[in-house]
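Comments concern the structure below.
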Amino acid sequence: MVPQTDCIEFINPATGQKFGEVRSATEADVLRARREMAAAQPQWAAKSAKERARLVKKLQSVILDATDEITAVVNQDHGKSRLDALHEVFMTIEKIHHYCAHAPHWLARERVPRGLYFFKRFYAEREPYGVVGIIGPWNYPIDLMIPPIVSALLAGNAVLIKPSEVAAATGVLLEDLFNRVPELAPYVRFLHGDARVGQALVRSKPDLLFLTGSVKTGQIVAKMAAEDMTPFMYELGGKDAMLVLEDADVAAAAKWGVWGAFYSTGQACVSVERVYVNEKVYDAFVAAVLEETAKFTVGYSNDIDNPNWMGPLTFQRQCDIVNTHLHDALQKGARVLMGGKQTGMFIEPTVLVDVDHTMKIMTEETFGPTMPIMKVIDDQHAIQMANHSDMGLSAYVWSRDLKHAERVGRQLDVGVVNINDTMSHYSVARLPFGGAKLSGNTRTHGRGEVTQFTHQKAYSISRPPNAIDPVIWIRHPGTYRLLKAMMGATYGTNLKQRLEPVGELVGGEERLRSGAARAAAGVGVMSALAAMALMLLRVRRH
Ligand code: NAD
């Protein structure tokens with residue numbers, strides 16, 4: 001239970017200064033919001049997908065007008081630079097733009113081929129779940145919150161949103177942005193607060209739950225959701241590996257590997273968390289990494305023109321995890337070649353070598369500015385090490401030979417392989433994104449992000465069964481040979497399979513004695529053969 005008086009404070013991680021607070025939602029607030037959204041949702045779902053897209057598009061306009069306000073709040077709340085915050089806004093805008101343009105088509109009724117059922121027609125429609133609960137993380141508080149909310153809305157759902165308590169000021173701003181579109185505001189409710197509010201949201205039994213967060217939280221929420229059989233989609237942590245193959249462009253791999261490890265202070269789910277380098281290029285790669293890391297300036301500014309590449313960590317828990325992983329690695333024989341020092345919430349970009357898989361830094365998500373580098377003997381060794389993880393979000397492969405890199409990429413157990421770059425795949429609005437293994441069970445970005453908030457409802461439509469329909473004849477006893485002939489003629493994989501059952505059907509009818517019966521059977525067989533010819537033509541096409 002959340003106490004009535006609980007408040008979440010807004011703290012700037014770079015300065016330690018408090019700049020506001022918001023009251024936590026209580027259990028009663030959550031239940032009331034759940035009821036209100038259930039009552040409002042049918043009204044929203046009754047609008048056409050095109051109309052919903054038109055209204056959601058207004059949010060795009062609001063966000064564009066509020067760009068500087070958004071980057072200022074995210075900068076204060078999270079510590080990332082205004083530019084990094086703008087990257088988030090850019091990705092969000094791009095998704096809203098694409099989703100609004102395509103959602104009416106993605107959500108349109110789908111015709112289903114008739115198959116053997118000549119006298120019926122079929123189609124499937126996408127139905128919203130009803131009230132969707134979305135629980136989000138702090139690390140990309142704009143881009144990991146707005147696109148799923150928008151997608152759920154486009155699909156016709158009402159939405160309950162629990163932003164992260166670590167980026168609570170951004171959560172309050174998001175609520176405000178939605179309130180600036182009066183047509184959307186009645187269908188979204190923000191529930192501010194910590195894990196307890198998240199739990200209250202799960203207990204309120206939304207019709208679908210979507211969580212972006214850590215594996216640990218995913219496991220807790222999965223158990224709770226299972227109690228009520230609440231459908232649960234999750235995007236969880238990563239331990240993304242970068243593989244530098246023998247034929248890699250070492251300078252480029254080092255430059256963009258360093259960027260992938262330290263961008264956003266390593267606090268991205270797709271950050272480079274560990275690096276495996278072929279022994280033939282290992283020394284050159286490590287030297288290049290140190291050169292690039294030395295250029296990676298650290299500091300905080302709330303100005304649009306900020307010279308720093310990297311800011312502070314966002315909250316104390318993250319600093320503690322990074323320090324625990326560093327300490328554990330050093331105890332077990334790792335060496336820090338550069339960085340490692342902490343001042344306030346700032347930890348220097350840190351390069352480590354002599355690491356192995358007994359160390360947390362190679363097996364657990366660090367989510368900080370660390371780049372542990374391990375030497376491997378060949379591709380298979382690199383693949384084996386990269387796959388030695390419970391998580392499988394993305395992987396990075398560096399090789400001048402793109403076919404070689406693709407061959408290696410195909411053997412990695414991950415949701416996305418990015419060749420000769422790091423992290424950039426995430427910003428492609430329509431490239432399916434998500435993880436394998438514990439990293440996730442769904443895909444965001446593009447069509448999948450919108451359609452995942454629907455279930456399919458199918459329709460089978462006809463007049464009452466009629467006497468000339470072959471699929472009605474086979475409901476009657478004594479039509480075994482007919483059905484076998486239909487199956488063979490339609491789906492036979494060779495001439496024998498196609499013709500033999502038809503021969504059996506004709507031969508079987510010859511056993512009939514009376515002239516009348518023979519005539520009736522003849523008509524039946526002829527119709528069946530005609531029907532089969534038609535089926536062959538039509539069914540095999542689908
Ligand atoms: P977290 O799991 O601590 O929290 C995520 C959200 O869940 C927060 O809103 C939190 O309040 C809520 N929560 C925590 N415990 C809960 C509980 N028991 N019941 C209900 N709600 C609960 O994660 P975080 O630290 O906010 O985010 C960082 C994690 O998210 C990292 O592991 C990162 O890799 C992952 N992440 C994944 C993706 C992806 O797309 N796969 C994207 C971004 C972040």
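Annotations for the structure displayed:
- Subset of region 236-269 that is open to solvent by 10 Å² or more (accessible area, probe 1.4 Å) and within 22 Å of Val166 (Cα to Cα) - its residue that is nearest to the ligand (Cβ to nearest atom): Cys269
- Scanning region 414-431 for residues that are out of contact with any Ser or Thr (no Cβ under 8 Å at 6 or more places or on another chain) and assigned to a loop (DSSP other than H, G, I, E, B) turns up Asp421, Thr422, Val428, Ala429, Arg430, Leu431.
- 2 or more residues surrounded by fewer than 24 Cβ atoms within 10 Å (Cβ to Cβ) and over 25 Å from the mean Cα position of the chain (by Cα): qualifying strands (runs of 3 or more DSSP E) within region 38-148: 110-112, 121-128
- Condition met for Asp356 (over 12 Å from Ala241 (Cα atoms), open to solvent by 10 Å² or more (accessible area, probe 1.4 Å) and either polar (S, T, N, Q) or away from the ligand (no atom under 16 Å from the Cβ) (or both)): yes
- Among residues of region 437-448 that are without any contact (Cβ under 8 Å) to a residue 40 or more places away in the chain, those with a beta-carbon under 6 Å from a residue that is in a loop (DSSP other than H, G, I, E, B) at least six positions away or on a different chain give the pairs Arg443/Pro432; Arg443/Gly434; Gly448/Pro432.
- Of the set (1) under 19 Å from the mean Cα position of the chain (by Cα); (2) open to solvent by less than 20 Å² (accessible area, probe 1.4 Å), all apply to Val408 but (1).
- Among the residues making up region 364-382, those that are open to solvent by 10 Å² or more (accessible area, probe 1.4 Å) and either basic (Lys, Arg) or outside any strand (DSSP E or B) (or both) are Glu364, Glu365, Phe367, Lys375, Ile377, Asp378, Asp379, Gln380, His381.
- Hits in region 129-175 (condition: more than 16 Å from the ligand (Cβ to nearest atom) and either not hydrophobic (A, V, I, L, M, F, W, C) or not assigned by TED's automatic domain parsing to the domain that holds Met91 (or both)): Tyr129, Gly130, Gly156, Asn157
- Some residue of region 379-392 being free of Cβ contacts under 8 Å to residues at least 60 places away in the same chain and more than 26 Å from the chain's Cα centre (by Cα): yes
- Residues of region 222-235 that turn out to be crowded, with 24+ Cβ neighbours inside 10 Å and under 20 Å from Ala25 (Cα atoms), as a count: 0
- Residues of region 223-235 that turn out to be out of contact with any Phe, Trp or Tyr (no Cβ under 6 Å at 6 or more places or on another chain) and more than 9 Å from the ligand (Cβ to nearest atom), as a count: 8
- Candidate set from region 191-216 (those that are within 6 Å of the ligand (Cβ to nearest atom) and either among the basic types (Lys, Arg) or free of Cβ contacts under 8 Å to residues at least 60 places away in the same chain (or both)); member that is nearest to Ile8 (Cα to Cα): Ala195
- Of all residues in region 387-423, those satisfying the criterion of being under 18 Å from Met371 (Cα atoms) and of a type in the set (Ser, Thr, Tyr) are Ser389, Ser394, Tyr396, Thr422.
- Test result for His445, within 30 Å of Gly213 (Cβ to Cβ) and surrounded by 21 or more Cβ atoms within 10 Å (Cβ to Cβ): yes
- The set of residues in region 285-316 that are open to solvent by 30 Å² or more (accessible area, probe 1.4 Å), touching a residue at least 12 places away in the same chain (Cβ under 8 Å) and closer than 22 Å to Asn139 by Cα comprises Thr297, Val298, Tyr300, Asn302, Asp303, Ile304, Asn306, Asn308, Trp309, Phe315, Gln316.
- If you go through region 314-326 and keep only what is out of contact with any helix residue (DSSP H, G or I) (no Cβ under 9 Å at 6 or more places or on another chain) and away from the ligand (no atom under 16 Å from the Cβ), you end up with just Asn323.
- Some residue of region 157-175 being surrounded by fewer than 23 Cβ atoms within 10 Å (Cβ to Cβ) and part of a loop (DSSP other than H, G, I, E, B): no
- Checking the stated criteria, Glu348 turns out to be assigned by TED's automatic domain parsing to the domain that holds Glu291 and open to solvent by 60 Å² or more (accessible area, probe 1.4 Å).
The values are calculated or read from the model by the stated rules, or taken from the named source; none is laboratory data. Just so you know, these numbers come straight off a predicted model, no measurement behind them. Cβ coordinates were reconstructed from backbone atoms using ideal geometry, including for glycine residues, and neighbour counts include every protein chain displayed. In case anyone asks, the SASA skips ligands and DNA or RNA and just uses the protein heavy atoms, side chains included. Shrake-Rupley method; radii C 1.70, N 1.55, O 1.52, S 1.80 Å.
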